[in-house]
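Student: Sending over a structure as structure tokens; questions will come in a sec.
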Number of protein chains: 2
Amino acid sequence: MSDKFNRFKEIVGEVSDIGHAASVLGWDQQVNMPPGGGEARGQQLATLSKIAQEKFTSDEMGQLLEDLQKDYTDPETDEGAILRVASRAYDKARRVPPEFVAEQAIAATKAFEAWVEAKGKSDFSIFQPFLEKNVELVKRYVAFFPPADHPYDVLLDDYEPGMKTAEVKEIFNNLRPKQVSLLKAISEAKQVRDDFLHKKYNEQKIWNFSEKIIAKFGYDFNRGRQDKAPHPFETTFSVNDVRITNRFEPGNPLATLFSAMHECGHALYELGVAQEYERTPLESGTSLAVHESQSRMWENLVGRSFPFWEHFFPEIKKTFPSQLDGVSLKTFYKGINKVEPSFIRVNADEATYNMHIMLRLELEIGMVDGSIAIKDLPEIWNEKMRDYLGITPPSDALGVLQDIHWSYGSIGYFSTYALGNIVSAQLWERINKDIKDLGEQIRKGQFSVLREWLRENVHKYGHKYDPQDLVQKITGSKIDSAAYVRYLTKKYSDIYGL
Amino acid sequence: MSDKFNRFKEIVGEVSDIGHAASVLGWDQQVNMPPGGGEARGQQLATLSKIAQEKFTSDEMGQLLEDLQKDYTDPETDEGAILRVASRAYDKARRVPPEFVAEQAIAATKAFEAWVEAKGKSDFSIFQPFLEKNVELVKRYVAFFPPADHPYDVLLDDYEPGMKTAEVKEIFNNLRPKQVSLLKAISEAKQVRDDFLHKKYNEQKIWNFSEKIIAKFGYDFNRGRQDKAPHPFETTFSVNDVRITNRFEPGNPLATLFSAMHECGHALYELGVAQEYERTPLESGTSLAVHESQSRMWENLVGRSFPFWEHFFPEIKKTFPSQLDGVSLKTFYKGINKVEPSFIRVNADEATYNMHIMLRLELEIGMVDGSIAIKDLPEIWNEKMRDYLGITPPSDALGVLQDIHWSYGSIGYFSTYALGNIVSAQLWERINKDIKDLGEQIRKGQFSVLREWLRENVHKYGHKYDPQDLVQKITGSKIDSAAYVRYLTKKYSDIYGL
């Protein structure tokens, strides 16, 4: 490798180190930090971010990238991929002035505080001027970039490299009518019971059970750990230290199991990236949607499947004999898959989840292209909830104010959740062709063949391929909702006898 | 404040942020990190250290310091003190080339591994060549600095700013004969029992008891926390997030209580530094000895005192009724203060501890000035143990190999432990003049007046005064062992009826 490439790798390696250090600080903030530590921690994170930014956007880096792209032209090589990803990030970072980044950070902090208050009081008008400011900044951000087909493209690209608004719209347009008619059929069918899920479960026993499951999935506790935090998340400190967090909600005790599987899915992705990508721009998953495809696969396609509970039901019944007294495997399986339109996205079941996302995407696009005024958001939100799910949020807190994302100016993120669901089903069809007895393996509590398939076909590449290219490479088609519709239809036809 | 001073503060602020970030990473490494995380964590810490070094030793910083020292000449002002401390650190950092620092780090890593093996096999010869290399590097380090009265001065100054080898020798020379004769008298007196300290104690109950004690000392769990780690230590992430670690040794269960008090003493120092020194070179304690004076005060002068146990004994007896069955307060107090010459420094009682330090200081000076050959260390160690404590280590593991310090090339550190003991007694005499009923307060479990005295006279200054100046300012004399001799003599005369 050339001296120039080595110098380039030295810089991106240091940038990676700083980023991982910041991740440790962020994790500690959520998991351990005493309240007093908050102010200084914010300052420390700002300093690390500034230093990483300065290192990465230096003129030297620009020159290196320009020179190296002439030497390494084959996009199929690791070097080619590293340079492609680094150049894109460099170009983005150079277009956005540091003063703008600082202005956005300050606005986000204020908007977050306003959002907390607004949500607490269930009063959108408190949040409205801050969201208006955030959206104004987002529009200014878009203006730093060359004109795109749609201004929302610029935002989407930050989370889903290469993805266009038109593509997402088309994917969702294909999905929407099918998901709506499936929901209608379910609503007219005989409902399932899930009362046993809302009894009192011992927190420690649930926690231990969650770790038993993810250990079987192959989460290596020598290269990670699960800690308590206000919200479940996965965070990467290196390819050999990938941690997850979880929580216990007494009102929804088994959610801890599914959150563990979800975050474990993210973690397995990061733990499976080729070790040689460490400290390069390829070291992490390729996009939020592909990441979410992994978490949703382990949570839903595996963890909410019948074969999975054929294996684990005897054990959970033994662990919680009184709570599950008189509950059969079939009843349990139906209960954890109960469909019920509800106000809160994060609590939504598989059949309704994507509807929440489509709603948000439409609002975001409207905010960005100016066709929706911020002050009208609550009303439009509630209208769409009626259209898509047939329910009307009784308050802003249960409606337009429920998500944190807009408070920190993050617009363009939501659709990746639904895309993740969609990709998970596409991969699942491919996997079931390659692993003929997958259901039988899961029934036996064997997950290693599945995990190794994912490592070999998805994880090991890290960010080498952009999301659409990766999905194409694996499944032969771009992101497309057909497999997901087949999956949902089959699953719920069985459960609801459609 | 001038623009130049603001720019200077910006840089040292960022250097402080990076240092604190590194502290979080180091803490996590000891407390949480799964084994897989080690390699990348080392790399991340190296990167942070390199960046902080680059920022702090830049030519810009040199120019700023030169210019600012002309503007802020009064050493009594905060600005004057900040510039004094920063200039000294800058000068040191600039004298030592980065390549040398890297060479030393690599040698230390290798020496540490050799030390672990040597200690495990109790075979000094395995460690010898690595220690020789470390000492050679230490000599080269000394040569980067202008000639001092003694080459060891350069090393000592890194831990105890401004302190000279001759001063430490004199302090120790005054102390040694008195401590030796006290030890002799104790050995000839009727011995005390401590069998009840070595029974089985419940770990969680001991842990809770330790937190009850330090909460009473005034350790604020909103600005800190105690976690389990292989070794007890204190670490500072900001003036409002100062954490301690502790451990439980089944063979020595009550050690957890005294370790908590010890680390709490360090933490109260850091928590008490003036908030306006945050992110400046004054933000931490002034030296290792003064730091140790705080930890030893809370551990020994408070925590191993009779009034302290007058307050806490009823509660510990209630918590551990069977273990302390038939044990009186007096017997308990004598037991926790039992004197017994032993091989291992960290387990040594107050009456023997300093002897371990004097031995090490003599060996270190000999290594640095060349009067002691590394190969002869085990023999000289054992001879001195016979001279000072009347016992002969049966193995290198229980002798010359017991401490980690030399393995990472740290020479010059040890004497600060004994100086800390000495300073703690000097402060204690002053405190007892200022707080007439201190004993009565402690008997009632009241520690706030003591803590506030320490904050007002020691803590709040952070690094504003160098150690000798601070001790002089508070006690009217420089560091001197007379108070410590008085304290030891009084305490052990009572316990052993001398």
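Coordinate-derived values only; no laboratory data. Treat the numbers as computed from the prediction; the structure is a model and nothing was measured. Reconstructed Cβ throughout: ideal geometry from the backbone, glycine too, with neighbour counts over all protein chains shown.
Student: Mind jotting down the distance between the C-alpha centroids of the stretch A:428-491 and the stretch B:359-384, whole Å?
Tutor: Each part reduced to its Cα centre gives a spacing of 66 Å.
Student: Arrange the following residues from fewest to most other Cβ atoms within 10 Å of their Cβ: A:GLU310, A:GLU299.
Tutor: A:GLU310, A:GLU299
Student: Can you give the Kirkwood hydrodynamic radius of the stretch A:366-498 from its Cα pairs, in Å with one decimal?
Tutor: 18.2
Student: Hey, got the Cα dimensions of the stretch B:89-161 along the principal axes, in Å, largest first?
Tutor: 41, 26, 18
Student: Would you mind getting me the FRET efficiency between A:ASP158 and B:GLU276? Use the beta-carbon distance for r and R0 = 30 Å, nearest 0.05.
Tutor: About 0.15, to the nearest 0.05.
Student: Using DSSP to call loops (not H, G, I, E or B), can you name the GluC sites (Glu not before Pro) in the stretch B:76-168 whose Cβ has at most 14 other Cβ atoms within 10 angstrom?
Tutor: Those satisfying the criteria are B:GLU76.
Student: Can you say what percent of the DSSP beta bridges in the protein assembly as shown, counting only those with both residues inside, are antiparallel? Round to 5.
Tutor: Taking every DSSP beta bridge with both residues in the protein assembly as shown, the antiparallel ones total about 55 percent.
Student: What is the helix-to-structure angle for B:350-369, meaning the angle in degrees between its Cα long axis and the longest Cα principal axis of chain B, kept from 0 to 90 and rounded to the nearest 10?
Tutor: Taking Cα atoms only, the helix is inclined about 30 degrees.
Student: Throw me the Rg/Rh for the stretch A:59-183, computed over C-alpha atoms with Kirkwood Rh, two decimals.
Tutor: Reported Rg/Rh, Kirkwood definition of Rh: 1.10.
Student: I would also like to ask the following. Tell me the distances, shortest first, between B:ALA93 and the same position across the other copies, using label points 7 Å along Cα→Cβ, in nm to one decimal.
Tutor: Between copies, matching label points for B:ALA93 lie 2.2 nm apart.
Student: Also, I was wondering about something else. If each label sits 7 angstrom from Cα along the C-beta direction, how far apart, in nm, is B:PRO129 from its counterparts in the other copies?
Tutor: 7.3
Student: Additional query: Place a point 7 Å from Cα of A:ASP227 in the direction of its Cβ. Which residues in the stretch A:12-40 have their backbone N less than 12 Å from it?
Tutor: In the stretch A:12-40, the label zone of A:ASP227 (backbone N under 12 Å from the point 7 Å along Cα→Cβ) covers A:23-34.
Student: How many percent of all Cα-Cα pairs in the stretch A:221-283 sit more than 16 Å apart?
Tutor: 45
Student: Here's something else I'd like to know. Every other copy gets compared here: list the nm distances from the B:PHE145 label point (7 Å along Cα to Cβ) to its counterparts, shortest first, one decimal.
Tutor: 5.5
Student: Translational D (Stokes-Einstein, µm²/s) of the protein assembly as shown at 25 °C and 0.890 mPa s when Rh comes from the Kirkwood sum over C-alpha pairs?
Tutor: 76
Student: Grab the beta carbon distance between A:LYS200 and A:SER342, set R0 = 35 Å, and tell me the FRET efficiency rounded to 0.05.
Tutor: 0.95
Student: Moving to a separate point now. In straight Cα distance, which lysines are under 26 Å from A:LYS375, not counting same-chain residues fewer than 8 positions off?
Tutor: Cα-Cα hits under 26 Å: A:LYS110, A:LYS119, A:LYS121, A:LYS133, A:LYS139, A:LYS169, A:LYS384.
Student: Principal axis extents for the stretch B:3-95, Cα atoms only, whole Å, descending order, please.
Tutor: For the stretch B:3-95, the Cα spread along each principal axis is 51, 24, 23 Å.
Student: Restricting to Cα atoms and excluding each atom paired with itself, what does the Kirkwood estimate give for the stretch A:306-455 in Å?
Tutor: 18.4
Student: What is the helix-to-structure angle for B:203-217, meaning the angle in degrees between its Cα long axis and the longest Cα principal axis of chain B, kept from 0 to 90 and rounded to the nearest 10?
Tutor: With both axes taken from Cα atoms, the answer is about 70 degrees.
Student: Using only Cα atoms, tell me the angle between helix B:124-143 and the longest principal axis of chain B; keep it within 0 to 90° and round to the nearest 10.
Tutor: With rounding to tens, the tilt is 50 degrees.
Student: Please list, by residue number, everything in the stretch B:3-43 whose backbone N is under 14 Å from a paramagnetic label point 7 Å out along Cα→Cβ of B:GLN53.
Tutor: Counting only backbone N, you get B:43.
Student: May I pose another question? Run the quick spin-label model on B:GLU170 and B:ALA215: label points 7 Å from Cα toward the beta carbon, then report their separation in nm to one decimal.
Tutor: 4.8
Student: How far apart, in nm, are two points set 7 Å out from the Cα along the Cα-to-Cβ line at B:ASP437 and at A:ASP469?
Tutor: 7.9
Student: Sort the stretch A:152-498 into rounded, prolate or oblate with this rule: let a ≥ b ≥ c be the square roots of the eigenvalues of the Cα gyration tensor; rounded if a/c is under 1.5, and if a/c is not under 1.5, prolate when a/b is larger than b/c, oblate otherwise.
Tutor: It is rounded, given that a/c, with a ≥ b ≥ c, falls under 1.5.
Student: Please label the shape of the stretch B:1-53 as rounded, prolate or oblate, based on the square roots a ≥ b ≥ c of the eigenvalues of the alpha-carbon gyration tensor (a/c under 1.5 means rounded; beyond that, a/b larger than b/c means prolate, else oblate).
Tutor: Cα axes put the stretch B:1-53 in the prolate bin.
Student: Determine, from the Cβ-Cβ distance of B:LYS139 and A:GLU99 and an R0 of 41 Å, the FRET efficiency 1/(1 + (r/R0)^6), rounded to the nearest 0.05.
Tutor: 0.25
Student: Separation of the stretch B:284-323 and the stretch B:1-66 by C-alpha centroid, Å?
Tutor: 34
Student: Of the listed pairs A:LYS216/A:LYS436; B:LYS317/B:LYS491; A:LYS212/A:LYS330; B:LYS330/B:LYS436; A:LYS317/B:LYS228, which have alpha-carbon separations greater than 30 Å here?
Tutor: A:LYS317/B:LYS228
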